[in-house]
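Visitor: Here it is, the structure in full.
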Amino acid sequence: MRTSTTDNTAQATASADERWMLRAIDLARRATGCTSPNPPVGSVVVADDRIVGEGWHRGVGQAHAEADALRDAGERARGATAYVTLEPCNHTGRTPPCTAALIDAGIARVVYAVTDPNPIASGGAHRLAAAGIEVVSGVAEAAARRLARFFLHHVETQRPWVIAKSASSLDGRIATRTGHSQWITGDDARRAGHRLRQATDAILVGIETVLADNPALTVRLPEGDCRAGDVRHPTPIVLDTQARLPLDAQLLSANPDRRAIVVVNEGVSEARQQALRSVGADVIALPGSVGDTRPDPRALIKELGSRGVQSLLLEGGPRIHGSFMDAGLIDEVVAFMAPMLIGGSEAPAAFSGLGADTLDDATRLENVIATPVGADLMIQGFVQRQAASVLAPRLGQRSSSTPTKTEAA
């Protein structure tokens, strides 16, 4: 069967659109962990099948990706196509609306990957179409949604995206039976773990981890710049049922730009809570889970979501990982595995808790990626349940919008 010239042209256009969009996604990745509460966004301006401008959003209050790319393109943007990983915003916040910048620059066509779910900023596609600009949406959407998953998930569910991180041997042990654990994985895996820290808004550990190791919970990456050499550190959160956190704990003072959160049981004395506040901690008192005095992880996730926390990294021990898994609160797993066997029935595993009764009840992952990191392996995947649907494209196919005279009026 012959393919018409029109069909060939459409296929070529679709292929080119995806190629340029993937370049925009690559640009957006440069700002991973630097833009919250905004999502990472990239943009390219293309004329005559070549890039004439590139840009990405570098941080809150700085130029959005479209404006950055248009500035790079200059007069070459007139009549060109702009590719952007998120629907151009249509409101004035810390920066002017990107729709106005695209219209003023004379852009003829806008291609974007993901429709903005934020009602405050949405509507950009309609405004562009009304101005006579051709608009195409849904190009490379799955890849763009994966990159912006923290932002999209928070807007759509009002709770943070939760990542459970572990470092273990091949048989799933995070320490020997005597508690020796430093170091199971190598330097490359630990650097990857710090990049994960920088990407997230908050990092959670249990009080036992703090009492044993006194961690700073900071990002230690010489190459992990966000803005002018600054490294973005996540907010430390400690699950501390009885408020035992030492007042001189490192995580309280390791970075003056962040205020640690200490989560205690609501029965803890006000005097002890006030003592923690006096050294700069933000204390959250929550009820315990059913049959347990430890703060309910569901209540914590709801509270963090209301505070604008879009992503949470679990770096606690087996009990914390297990409690969040049992509560169905984990969205993503990042497991670093070292090529060693520890063995021993008393050696702790990465997850404890109640666990699954049958294999049918087990927590399963999808979209799994296995990446060598030095001598170790990093396995990353998303939990198979409704929460992971944030990664699924919302459109079954590409859509294009060219206004009629009535629409453009």
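Visitor: From (1) at pLDDT 95 or above; (2) surrounded by 16 or more Cβ atoms within 10 Å (Cβ to Cβ), pick out the condition that doesn't hold for Asp296.
Guide: (1)
Visitor: Something else: Ala10 passes all but one of (1) of a type in the set (A, V, I, L, M, F, W, C); (2) open to solvent by 50 Å² or more (accessible area, probe 1.4 Å); (3) modelled with pLDDT under 95; (4) closer than 14 Å to Ala140 by Cβ; which number fails?
Guide: Condition not satisfied by Ala10: (4).
Yes/no matrix, rows are residues, columns are (1) aliphatic (A, V, I, L, M); (2) under 23 Å from Ala28 (Cα atoms):
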site	(1), (2)
Gly138	no, yes
Arg149	no, yes
Ala167	yes, no
Asp171	no, no
Leu196	yes, yes
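Visitor: May I ask you to list the residues in segment 231-288 that are open to solvent by less than 10 Å² (accessible area, probe 1.4 Å), outside any loop (DSSP other than H, G, I, E, B) and either over 22 Å from Gly317 (Cα atoms) or not aliphatic (A, V, I, L, M) (or both)?
Guide: If the condition is that a residue be open to solvent by less than 10 Å² (accessible area, probe 1.4 Å), outside any loop (DSSP other than H, G, I, E, B) and either over 22 Å from Gly317 (Cα atoms) or not aliphatic (A, V, I, L, M) (or both), then Pro236, Leu276 are the ones that fit.
Conditions (1) touching a Ser or Thr at 6+ places or on another chain (Cβ under 9 Å); (2) within 21 Å of Leu304 (Cα to Cα), marked per residue:
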| site | (1), (2) |
| --- | --- |
| Gln242 | yes, yes |
| Asp248 | no, no |
| Pro256 | no, yes |
| Arg259 | yes, yes |
| Asn265 | yes, yes |
| Val268 | yes, yes |
| Ala271 | no, no |
| Ser278 | no, no |
| Ala281 | no, yes |
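Visitor: Shifting gears a bit: Can you tell me which residues in segment 289-305 are among the hydrophobic types (A, V, I, L, M, F, W, C) and not in a loop (DSSP other than H, G, I, E, B)?
Guide: The answer is Ala299, Leu300, Ile301, Leu304.
Visitor: Here is a list of conditions, (1) part of a helix (DSSP H, G or I); (2) modelled with pLDDT of 95 or more, and Ala125 meets all of them except one; can you say which number that is?
Guide: Result: Ala125 fails condition (2) only.
Every residue, every condition in (1) among the acidic types (Asp, Glu); (2) at pLDDT 95 or above; (3) surrounded by 17 or more Cβ atoms within 10 Å (Cβ to Cβ); (4) not in a strand (DSSP E or B), yes or no:
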| residue | (1), (2), (3), (4) |
| --- | --- |
| Val309 | no, yes, yes, yes |
| Leu312 | no, yes, yes, no |
| His321 | no, no, yes, yes |
| Glu346 | yes, no, no, yes |
| Phe351 | no, no, yes, yes |
| Pro393 | no, no, no, yes |
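Visitor: Kindly establish whether Thr209 is crowded, with 22+ Cβ neighbours inside 10 Å, polar (S, T, N, Q) and under 24 Å from Gly344 (Cβ atoms).
Guide: No, not satisfied.
Visitor: Continuing with the same structure: Tell me whether segment 150-162 contains one or more residues that are over 23 Å from Ala299 (Cα atoms) and buried (at least 23 other Cβ atoms within 10 Å of the Cβ).
Guide: No - not one qualifying residue is present in segment 150-162.
Visitor: Among the residues of segment 77-98, which ones are touching a strand residue (DSSP E or B) at 6+ places or on another chain (Cβ under 9 Å) and crowded, with 18+ Cβ neighbours inside 10 Å?
Guide: Residues satisfying the conditions are Ala77, Ala80, Thr81, Ala82, Tyr83, Val84, Thr85, Leu86, Glu87, Pro88, Cys98.
Visitor: Still on this structure, I have one more. Limited to segment 115-142, what total is found for residues that are within 22 Å of Phe382 (Cβ to Cβ), buried (at least 20 other Cβ atoms within 10 Å of the Cβ) and either free of Cβ contacts under 8 Å to residues at least 40 places away in the same chain or small (Gly, Ala, Ser) (or both)?
Guide: Final tally of qualifying residues: 3.
The values are calculated or read from the model by the stated rules, or taken from the named source; none is laboratory data. Keep in mind that what you see is a predicted model, and the values were worked out from it rather than measured. Because the Cβ atoms are built from the backbone with ideal geometry, glycine has one as well, and the counts that use them run over all protein chains shown. To get the accessible areas, we keep the full protein, side chains included, count just its heavy atoms, and leave off ligands, DNA and RNA. Shrake-Rupley method; radii C 1.70, N 1.55, O 1.52, S 1.80 Å.
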